[in-house]
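Novice: If you scroll down you'll find the structure; I have some questions about it.
No lab work stands behind these numbers, since they all come straight from the coordinates. Owing to the predicted nature of the structure, the values given are computational and were not obtained by experimental measurement. Here the Cβ positions follow ideal geometry from the backbone for every residue, glycine too, while neighbour counts run over all protein chains shown.
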Amino acid sequence: MIITAQQLKEQYSKYVDINGKIARDVKKEKLFPLVKGIYETNPNTNGSRLAQFIYGPSYLSFDYALAEYGLIPEAVYVFTCATFNKKKIKTYTNKFGTFIYRDVPNNVFSYGVMVNVDGNYAYHIATPEKALCDKLYTISPVKMLMYGKEASNRKQ
């Protein structure tokens, strides 16, 4: 279960040193930090369920989603996520994996995103088509090769 530092402060209000109690729980592996101020209580949670809480707004997309749908043969070991208006690629690593966030255009961010529910977790993931469009947006255009008479004239 995801829990914030604010929720923990309320839960631990009887303790004199609340931050010390949180630090002890992290050390005892009762809490697992995702990013500053956000924790997970279950060490076996799949990282895909946590991605949108680490940096957001975001949804799973790009290589991760394409691999989930069986559209690429490569194994993907990072959680790749789409976000918008951030202007740079962000990477976070924690106990649950490596999470990479990159921009897509603002005006298409919310299209083609599904909400999946897995037990107590709800997470956002791109549809197969959306994941492919997001991936194509991030790669450089392929230069056209010229064939035939025009190509031979250009070589000279």
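Novice: Using only the alpha-carbon atoms, how far is helix 128-138 inclined from the longest principal axis of the chain? Give it as 0 to 90 degrees, nearest 10.
Specialist: 70 degrees
Novice: Moving on. Can you list which of the trypsin sites (Lys or Arg not before Pro) found in region 13-52 are DSSP loop residues with at most 13 other C-beta atoms within 10 Å?
Specialist: Those that pass, being in a loop and sparsely packed, are K14, K28, K30, K36.
Novice: Further, regarding this structure: How much mean residue ellipticity at 222 nm does the chain get from its helices, if each DSSP H run of length 4 or more adds -39500 (n - 2.57) and you divide by all residues, to the nearest 500 deg cm²/dmol?
Specialist: Only helices count here, giving -7500 deg cm²/dmol.
Novice: What angle do you read, to the nearest 10 degrees and between 0 and 90, between the alpha-carbon axis of helix 18-27 and the longest principal axis of the chain?
Specialist: 60 degrees
Novice: Now for a separate question. Semi-axes, largest first, in whole Å: what does sqrt of 5 times each Cα gyration tensor eigenvalue give for the chain?
Specialist: 42, 15, 14
Novice: Hey, in the GNM for the chain with a 10 angstrom Cα cutoff, which one of V16, V35, V76 fluctuates hardest?
Specialist: The residue with the greatest mean-square fluctuation here is V16.
Novice: Output the pairs from K87/K135; K30/K86; K28/K88; K88/K135 with a Cα-Cα distance over 27 Å in this structure; if there are none, say none.
Specialist: K30/K86; K28/K88
Novice: Next question. Run the simple label-point estimate for T138 and L71 please: 7 Å along Cα→C-beta, distance reported in nm.
Specialist: 1.3 nm
Novice: Taking GluC sites (Glu not before Pro) as exposed when DSSP calls them loop (any state but H, G, I, E, B) and at most 14 other Cβ atoms lie within 10 Å, what is the longest stretch of the chain free of them, the sites themselves excluded?
Specialist: My reading of the result: 75-156 is the longest stretch.
Novice: Among 50-60, 107-117, how do they line up from the highest to the lowest mean number of other beta-carbon atoms within 10 Å?
Specialist: 50-60, 107-117
Novice: Label-point separation (nm) for V16 and K88, each offset 7 Å from Cα along Cα-to-Cβ?
Specialist: Output for this residue pair reads 4.2 nm.
Novice: When a footprinting reagent is the concern and you count Cβ atoms within 10 Å, what order do T4, T138 take, fewest first?
Specialist: With the sparsest Cβ surroundings first, the list reads T4, T138.
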